[in-house]
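**Q** Structure in structure tokens, see below.
The values are calculated or read from the model by the stated rules, or taken from the named source; none is laboratory data. Source: prediction; values computed, not measured. Virtual Cβ from ideal backbone geometry, glycine too; neighbours counted across all protein chains shown. Only protein heavy atoms, including side chains, enter the accessible area calculation; ligands, DNA and RNA are left aside. Shrake-Rupley method; radii C 1.70, N 1.55, O 1.52, S 1.80 Å.
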Amino acid sequence: MKRFLSIWMFLLIFQPIIAQESYIPTKENLEARQWFQDAKFGLFIHWGVYSILGDGEWVMNNQNISIDDYEKLPSFFNPIDFDADEWVKMAKDAGMKYITITSRHHDGFSMFDSQATDYTIVKKTPYKKDILKPLAAACKREGIKLFFYYSLLDWHDDNYFPRGRTGTKIPGRSDGDWEVYIAFMKAQLTELLTNYGEIGGIWFDGHWDQKEWDGEIFGKVKVDWHYDEIYKLIHDLQPQCLIGNNHHLAPIEGEDFQMFERDLPGHNTTGWGTDASDVGDLPKEVCETINGSWGFNLKDNKHKSEKELVQYIVRSAGYGSNLLLNVGPMPNGEIQLEHIKSLEKVGEWMRENGETIYKTTGGPVAPNDDMAFTQRGNTMYLHILNDAKELFFVENFKGKIKSMHYYKSKEKVNHKISEYGMFIEVPNNKKDQIDTIIEIVLK
Ligand code: JFZ
């Protein structure tokens, strides 16, 4: 009896996250994971009625816009210049292999036709059309996989109760029924996995909203997210569909990939990211913004340069990870010109150098400020990312080298291997400002 009690005490205190029980991924799922790992580069799209205000996707929370006021936004949302084919073509030309789009963000507004709520693009906007439908069709035509971002947290629906730690000052929120909310999410996920053909994956976000904050640390999760049922539902409907969750924790059973928000695996740059000890073995995905915002931000001119973008792809790949690069389309449905241009440049680079990125795994040495390694079979690609130095050192380099030459010019690379590692000389006249790639073929 005592033992029985102590188990209950343990469960009460630690409230484990209940995951999809003894999840065994299907063959299709494992193949999809391999495809994902090889894909290396995708387009993230944050688009919703918040785009109208040009102040990011958190505007409802940041400006404490009441539910009543926010509900006026859909009536202005009429993206007459939205062209799914153009978006997909832009992504494809940039070298991206998949698109992840916000089907419903924290504002609770569904950008697709849903029978589970009236708060949708079809029922509340003058546009009246589901945007996921043409996007799914365009992706299918172009061989691009489509993933759906789906927010677990909701600032609009009263049934998202108990409320989390965000959106608490939004006027007009009331109490509701958590179980009804879970049923609502299941109904919507069923729609998303039934009405749009084969879906690459579901990208959950908002788990962290329900962690209790004691003024110093984020403690235990207040609610039961029913991940066991939700993940099972998804895998039952589409076994190949990859599940990821932006909870910043070690993977939970039932998930198929692990994501790192604005962070390289193991770095926890933000301090609230994924701890190094929580980096798992699933395929990885880093996500980052093309400027400084996810949703359209009118005043954000911190557009990343071609060099920054390419180097982030390379560094992510050096960790064996994909990069999911975000754009926030404007309320008219167009993507801003600065971002189209940046993506064109990245595309040019990927066409010339993609062989050193796609279908690679992370190399033998983790990326650092100077370099990153990628590898496929017996070939390693050393990406020199610091153009201010001419001498480089790779600590603990092991492996017997058959040949070592510049990827572009095919010229030989001066190097020396000692018991401590490898010294490499990259003179300025051999350097590429963005990435000097050295191909190393092992014996
Ligand atoms: C989340 C979203 O809130 C954001 O709008 C965007 O979609 C991004 C990709 O993902 O970002 C987070 C994640 C975690 C926290 C805050 C924002 N957090 O732990 O407070």
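**Q** Check whether at least one residue in the range 265-282 is open to solvent by less than 50 Å² (accessible area, probe 1.4 Å), in contact with a helix residue (DSSP H, G or I) (Cβ under 9 Å, 6 or more places away or on another chain), of a type in the set (A, V, I, L, M, F, W, C) and within 16 Å of the ligand (Cβ to nearest atom), and report yes or no.
**A** no
**Q** Somewhere in the range 414-421, is a residue touching a His at 6+ places or on another chain (Cβ under 9 Å) and of a type in the set (Val, Ile, Thr)?
**A** Looking through the range 414-421, none of the residues is touching a His at 6+ places or on another chain (Cβ under 9 Å) and of a type in the set (Val, Ile, Thr).
**Q** Would you confirm whether any residue within the range 297-312 is hydroxyl-bearing (Ser, Thr, Tyr), within 30 Å of residue 127 (Cβ to Cβ) and not in a strand (DSSP E or B)?
**A** No, because not a single residue in the range 297-312 is hydroxyl-bearing (Ser, Thr, Tyr), within 30 Å of residue 127 (Cβ to Cβ) and not in a strand (DSSP E or B).
**Q** Now for a different question. Within the range 223-233, is there a residue that is in contact with a strand residue (DSSP E or B) (Cβ under 8 Å, 6 or more places away or on another chain), part of a helix (DSSP H, G or I), more than 16 Å from the ligand (Cβ to nearest atom) and not hydroxyl-bearing (Ser, Thr, Tyr)?
**A** The answer is no, given that none of the residues of the range 223-233 is in contact with a strand residue (DSSP E or B) (Cβ under 8 Å, 6 or more places away or on another chain), part of a helix (DSSP H, G or I), more than 16 Å from the ligand (Cβ to nearest atom) and not hydroxyl-bearing (Ser, Thr, Tyr).
**Q** Does the range 107-122 hold any residues that are touching an Asp or Glu at 6+ places or on another chain (Cβ under 6 Å), in a loop (DSSP other than H, G, I, E, B) and open to solvent by 10 Å² or more (accessible area, probe 1.4 Å), and which are they?
**A** 113
**Q** Taking the criterion of being of a type in the set (A, V, I, L, M) and either free of Cβ contacts under 8 Å to residues at least 60 places away in the same chain or within 16 Å of the ligand (Cβ to nearest atom) (or both), would at least one residue in the range 125-134 satisfy it?
**A** Looking through the range 125-134, none of the residues is of a type in the set (A, V, I, L, M) and either free of Cβ contacts under 8 Å to residues at least 60 places away in the same chain or within 16 Å of the ligand (Cβ to nearest atom) (or both).
**Q** In the range 234-280, which residues are in a loop (DSSP other than H, G, I, E, B), of a type in the set (S, T, N, Q) and under 21 Å from residue 362 (Cα atoms)?
**A** 268, 269, 274
Yes/no matrix, rows are residues, columns are (1) within 14 Å of the ligand (Cβ to nearest atom); (2) among the aromatic types (Phe, Trp, Tyr):
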{"site": "80", "(1), (2)": "no, no"}
{"site": "98", "(1), (2)": "no, yes"}
{"site": "101", "(1), (2)": "yes, no"}
{"site": "106", "(1), (2)": "yes, no"}
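**Q** Being under 30 Å from residue 51 (Cα atoms), out of contact with any strand residue (DSSP E or B) (no Cβ under 6 Å at 6 or more places or on another chain) and open to solvent by less than 80 Å² (accessible area, probe 1.4 Å) narrows it down to one residue among 340, 335; which is it?
**A** 340
**Q** Exactly one of (1) open to solvent by less than 30 Å² (accessible area, probe 1.4 Å); (2) part of a loop (DSSP other than H, G, I, E, B); (3) among the acidic types (Asp, Glu) is unmet by residue 288. Its number?
**A** That leaves (2) as the condition not met.
**Q** Residues that are open to solvent by 30 Å² or more (accessible area, probe 1.4 Å): find the strands (runs of 3 or more DSSP E) completely inside the range 348-428 holding 3 or more of those.
**A** 391-395, 401-406, 414-417
**Q** Something else about it: Which residues, counting only those in the range 155-204, are more than 16 Å from the ligand (Cβ to nearest atom), crowded, with 16+ Cβ neighbours inside 10 Å and free of Cβ contacts under 8 Å to residues at least 40 places away in the same chain?
**A** Answer for the range 155-204, where residues must be more than 16 Å from the ligand (Cβ to nearest atom), crowded, with 16+ Cβ neighbours inside 10 Å and free of Cβ contacts under 8 Å to residues at least 40 places away in the same chain: 158, 159, 161, 176, 181.
**Q** Taking the range 108-119 on its own, how many of its residues are more than 16 Å from the ligand (Cβ to nearest atom) and in contact (Cβ under 8 Å) with a residue 24 or more places away in the chain?
**A** 7
**Q** In the range 77-100, which residues are among the small types (Gly, Ala, Ser) and in contact with a strand residue (DSSP E or B) (Cβ under 6 Å, 6 or more places away or on another chain)?
**A** Of everything in the range 77-100, those that are among the small types (Gly, Ala, Ser) and in contact with a strand residue (DSSP E or B) (Cβ under 6 Å, 6 or more places away or on another chain) turn out to be 91, 95.
**Q** Can you tell me how many residues within the range 205-222 are near the ligand (Cβ under 10 Å from one of its atoms) and either outside any loop (DSSP other than H, G, I, E, B) or without any contact (Cβ under 8 Å) to a residue 24 or more places away in the chain (or both)?
**A** So the answer is 7.
**Q** Follow-up. Among the residues of the range 9-40 satisfying the criterion of being modelled with pLDDT of 95 or more and touching a Lys or Arg at 6+ places or on another chain (Cβ under 6 Å), which is farthest from the ligand (Cβ to nearest atom)?
**A** 38
**Q** From the set of residues in the range 123-154 that are open to solvent by less than 40 Å² (accessible area, probe 1.4 Å) and more than 22 Å from the chain's Cα centre (by Cα), which is farthest from residue 332 (Cα to Cα)?
**A** Once the filter is applied, the top-ranked residue is 130.
**Q** What is the number of the single condition among (1) without any contact (Cβ under 8 Å) to a residue 24 or more places away in the chain; (2) under 28 Å from residue 323 (Cβ atoms) that residue 104 does not meet?
**A** (1)
**Q** Would you check if residue 300 is more than 25 Å from residue 188 (Cβ to Cβ), more than 12 Å from the ligand (Cβ to nearest atom) and not hydrophobic (A, V, I, L, M, F, W, C)?
**A** yes
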